[in-house]
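A.B. asks: Here it is, the structure, as structure tokens.
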Amino acid sequence: MKIALPLLVGALGFAAFAAGLVPPAPTVVAQLKPPKDEALLFRAFAQGVQIYECTDIGAGPQWVFKEPEAALVDERGTPLGKHYAGPTWQSFDGSKVIARVVASAEASDPTAIEHLLLKARFHEGDGIFAKVRSIQRLQTAGGRAPRDGCSAKQLTRQARVHYLATYYFYGEAPRIQATMVN
């Protein structure tokens, strides 16, 4: 009796998960859950800044989010790539994914930026980000806009606020078929 290849691939995926290579998906509020047909592919840890600009958008001067700049590392602390405006995640393997925010939820820490669910809208390259469909930004620390320092005299001034986050990347869930061949 032989086990069909899809079952073997599914078993290998489970073995990688059991060995700690792919972490378990985090528990989140309903609006931050990725679609049910997606599975966690990997996670990356970000350390960097959220950049804000002092702008007057009609309601008086206020800090307006401009872009992130962060370095990404994998589970072992090995540099993976970077995160920047778009929002974009780019790996050193040349692949990248650009996404859009589809849902947000406040972090439990009032000084931390909100948690997000993002949907991929553009891919480039064949590397680690090629199959990403959804992204969660969770376990955030820091990154909120400054509470003061934005006045008419300081328009166009930028603030670079340090932050940490864990990004969870999801893609199509593997299809497991149990087919017995004699």
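A.B. asks: Which condition does P26 not pass, out of (1) at pLDDT below 95; (2) exposed (fewer than 15 other Cβ atoms within 10 Å of the Cβ), if it passes all the others?
C.D. replies: Every condition holds for P26 apart from (2).
Residue by residue, here is whether (1) more than 16 Å from Y167 (Cα to Cα); (2) exposed (fewer than 15 other Cβ atoms within 10 Å of the Cβ) holds:
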{"residue": "A44", "(1), (2)": "no, no"}
{"residue": "E53", "(1), (2)": "yes, no"}
{"residue": "A70", "(1), (2)": "no, no"}
{"residue": "G77", "(1), (2)": "no, yes"}
{"residue": "A85", "(1), (2)": "no, yes"}
{"residue": "R100", "(1), (2)": "no, yes"}
{"residue": "S104", "(1), (2)": "no, no"}
{"residue": "F129", "(1), (2)": "no, no"}
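A.B. asks: Please enumerate the residues belonging to segment 133-164 that are polar (S, T, N, Q) and under 15 Å from the mean Cα position of the chain (by Cα). Reasoning before the result, please.
C.D. replies: Pass one, segment 133-164, residues polar (S, T, N, Q): 134, 136, 139-140, 151, 154, 156, 158.
Within segment 133-164, S134, Q136, Q139, T140 qualify.
A.B. asks: Would you confirm, using the coordinates I've provided, whether A99 is of a type in the set (A, V, I, L, M, F, W, C), without any contact (Cβ under 8 Å) to a residue 40 or more places away in the chain and over 23 Å from E38 (Cα atoms)? Lay out the reasoning, then the answer.
C.D. replies: Values: of a type in the set (A, V, I, L, M, F, W, C): yes; without any contact (Cβ under 8 Å) to a residue 40 or more places away in the chain: yes; over 23 Å from E38 (Cα atoms): no.
Answer is no for this residue.
A.B. asks: State yes or no: is L80 under 25 Å from P174 (Cβ atoms) and out of contact with any helix residue (DSSP H, G or I) (no Cβ under 9 Å at 6 or more places or on another chain)? Steps first, please.
C.D. replies: Working: under 25 Å from P174 (Cβ atoms): yes; out of contact with any helix residue (DSSP H, G or I) (no Cβ under 9 Å at 6 or more places or on another chain): yes.
For L80, the condition - under 25 Å from P174 (Cβ atoms) and out of contact with any helix residue (DSSP H, G or I) (no Cβ under 9 Å at 6 or more places or on another chain) - is met.
The values are calculated or read from the model by the stated rules, or taken from the named source; none is laboratory data. Predicted model, so just to flag it, every value in this text is computed and none were measured. Methodologically, a virtual Cβ is constructed for each residue, glycine included, from the backbone with ideal geometry; neighbour enumeration extends over all protein chains shown.
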